[in-house]
Amino acid sequence: MSNALNQAIQYAHENQADFLDELKVLLRIPSVSTDPEHKPDMEKAARHLAEKLNQLSFKNVQVLPTSGHPVVYGETLRAGSQAQTVLIYGHYDVQPAEPLELWQSEAFDPQVRGGLIYARGASDMKGQVIAVISALESLLAVGGLKINVKVLFEGEEEIGSPNLDSFMQSHKELLACDFALNPDGGMIAPDIPTIIYGLRGLAYFELRVYGPAHDLHSGLFGGVVNNPAQVLCELIAGMHDDQGRITLPGYYDRVRPLSNEERAEMGRLNMGESFYKQQTGAPELWGESGYTPEERLGARPTLEVNGLLSGFTDHGSKTVLPAYAMAKISMRLVPDQDPTEVHQQLRQYLQSRGPKTVRWELDVMAGGPACLTDRNLPATRSLARALEVVWGKKPVYKREGGSIPVVASMQSILGVESVITGFGLSDDAIHAPNEHLNLGNWAHGIDALVHFFYFLGEAQ
């Protein structure tokens, strides 16, 4: 290990408590992007990150406005024009904490228990943001950063990044780079470092079904007026067949088949049915026939109901025939599927299946394409080397079931590939009560990022 790298790792270890304190400060800010009441908290989180970049002597640090929440930008370009430039992506917004009563401690009062830190955003992704900042601080402190770094932290990832594409379009020169680092991925197990090379896309809808002009007495009108809740349930039930396949017309036309090589690589992940049953608590697994759980999650499209609302849902009973029913429906898309086409396929399904006894409305809430990144990028090889040094084993390569729309946007708008990793785990309860982050993994992640940035400079 070189002297500079050794000093940077030593700095990281000696300042681990300070890094944790920095994380706690950020976690205490309830930066919930979807709630207008938290707009001041979004501004506060953005300003806090900008101040941290200023403390590290980043230049051109700005909190840049968008039509929604601001983007934080900063750069350190001291390595010169011949050095590689990496654009680091992160997001400072979080999901709502509800239901609050299910948290063991306050969602925005970070607590450490049993080597885990509990708070909303701990894993997704404030922990990853602070890990990157801590690694950069460690190298800058000893003069070991030999690459150029640009940082982009957005505040709208959890609501589909509605303003990020336009921001990147209007700031192409500012964001110009050789590649992007996106630490918004995760690991498949605490002892298995992971590089993500594929991400599913997203299409998200709200479907509303309307019947009578107002709620009706079910005894007086049941059997005469069609029930919107019943119609909605029947429409949703028909969206899958008995083999778990989605029945929207043309839905699989663009789905790219899995190669034998990819299926073999996914088999190496060793995440069979017992793993997912343990992770989820489900009595049995379900899904598209003919594919393993790993293949269904990483390389096959889905359609899920994320929420249902209709009629009387309080305690007790009320014999009502509701006037209205609503469902939130999301689809995870795979490479070559187009969110706009999927929207039309859902409309065609509803037009053919929806009865004339009701009317329906369909709104698009969010969307983005799937993407595959190049596993053979020099930067990806540097990351693999760094992960292997810290964890003592080669990383696995995984196609992720979730969506990170910015990766595809950077490909199309900035013309750059992304290197995707992360140090959270699938059981970190992200988007759920008691979200947490394994602090041992997090510390290893900081070390790995120190090695990664150093190896990039070494390779020039």
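Read-outs: derived from the displayed coordinates by stated rules, not from any lab. These numbers were taken from a predicted model, which means no experiment stands behind them. Don't worry about glycine lacking a Cβ; one is built from the backbone with ideal geometry, like all the others, and counts go over all protein chains shown.
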### Task
Give me the angle, in degrees from 0 to 90, between the Cα long axis of helix 127-141 and the longest principal axis of the Cα atoms of the chain, rounded to the nearest 10.
10 degrees
### Task
Could you tell me whether segment 264-346 comes out rounded, prolate or oblate from its Cα gyration tensor? Rule is a ≥ b ≥ c as square roots of the eigenvalues, rounded for a/c under 1.5, then prolate if a/b exceeds b/c, otherwise oblate.
oblate
## Note on the structure
At R0 = 35 Å the Cβ-Cβ FRET efficiency linking ASN270 and GLU458, nearest 0.05, sits at 0.60
### Task
Write down the percent of antiparallel bridges among all DSSP beta bridges whose residues are both part of the chain, to the nearest 5.
70 percent
### Message
Along the Cα→Cβ direction, 7 angstrom out, place labels at GLU43 and ASN60. What is the inter-label distance in nm?
### Response
2.6 nm
### Query
Going by alpha carbons, how many degrees (0 to 90, nearest 10) lie between the helix axis of 339-353 and the longest principal axis of the chain?
10 degrees
### Query
Given labels modelled 7 Å from the Cα in the Cβ direction, how far is it in nm from ASN6 to GLN230?
7.8 nm
### Query
What number comes out for the charge environment of MET187, summing +1 per Lys or Arg and -1 per Asp or Glu over other residues with Cβ under 13 Å away?
-3
### Query
Does anyone have the angle between helix 228-237 and the longest principal axis of the chain? Alpha-carbon axes, 0 to 90°, nearest 10?
60 degrees
### Residue-span extension gain [GLN82 to GLU361] - 0.36 nm each, minus C-alpha spacing
95.0 nm
#### Entry: Part-to-part distance (alpha-carbon centres) for segment 142-171 and segment 189-266, which is given in Å
32 Å
#### Entry: Between segment 323-359 and segment 368-438, the Cα center-to-center distance that results, in Å
30 Å
### Message
Below 13 Å, Cα to Cα, which aspartates and glutamates can LYS150 reach? Residues fewer than 8 away in the same chain don't count.
### Response
GLU75, GLU173, ASP178
### Task
Report the relative contact order of the chain, percent, no decimals, based on alpha-carbon pairs under 8 angstrom and at least 6 residues apart.
26 percent
### Message
What are the ³J(HN,Hα) couplings of segment 447-458, residue after residue, when phi is run through the Karplus curve with 6.51, -1.76, 1.60 and θ = phi - 60°? Round to Hz, x for glycine and proline.
### Response
4, 5, 5, 4, 4, 4, 4, 5, 4, 4, x, 5
### Task
May I ask for the net charge around ASN438, where only other residues with Cβ less than 15 Å from the Cβ of ASN438 are counted and Lys, Arg are +1 while Asp, Glu are -1?
-4
### Message
When only alpha-carbon atoms are used, what values of Rg and Dmax, in angstrom, describe the chain?
### Response
23.6, 84
### Query
Which whole-number percent gives the relative contact order of segment 233-345, counting Cα pairs below 8 Å spaced six or more residues apart?
28 percent
### Summary
The set of residues whose placed amide H lies less than 5 Å from the amide H of ARG245, leaving out same-chain residues fewer than 5 positions away, is SER289
## Note on the structure
Nearest-0.05 FRET efficiency for LEU309 and ARG113 at R0 = 35 Å, using Cβ-Cβ distance, is 0.50
### Task
Would you kindly derive the ³J(HN,Hα) couplings of segment 111-122 from the backbone phi angles with the Karplus curve 6.51 cos²θ - 1.76 cosθ + 1.60 (θ = phi - 60°), listing them in order in whole Hz, with x for Gly and Pro?
10, 9, 9, x, x, 10, 9, 9, 4, 5, x, 4
### Query
Between HIS13 and LYS318, what is the spin-label point distance in nm, taking each point 7 Å from the Cα along the Cα→C-beta axis?
6.3 nm
#### Entry: FRET efficiency, LEU285 to HIS343 (Cβ-Cβ, R0 35 Å, nearest 0.05)
0.75
### Query
Looking at the square roots a ≥ b ≥ c of the eigenvalues of the Cα gyration tensor of segment 116-240, which shape do they give, rounded for a/c under 1.5, prolate if a/b is larger than b/c, or oblate?
prolate
### Summary
The answer for LEU216, listing residues at least 5 apart or on another chain whose modeled amide H is closer than 5 Å to its amide H, is LEU321, ALA323
### Query
Taking 0.36 nm per residue of separation and subtracting the Cα-Cα distance, what length does fully extending GLU51 through TYR252 add?
67.6 nm
### Query
Could you name the lysines in cross-link range of LYS39, using Cα to Cα under 21 Å and dropping any fewer than eight places away on the same chain?
LYS24, LYS52, LYS126
### Task
Quick one: what are the phi-derived ³J(HN,Hα) couplings along segment 45-54, Karplus 6.51/-1.76/1.60 with θ = phi - 60°, whole Hz, x for glycine and proline?
5, 5, 5, 5, 5, 4, 5, 5, 5, 4
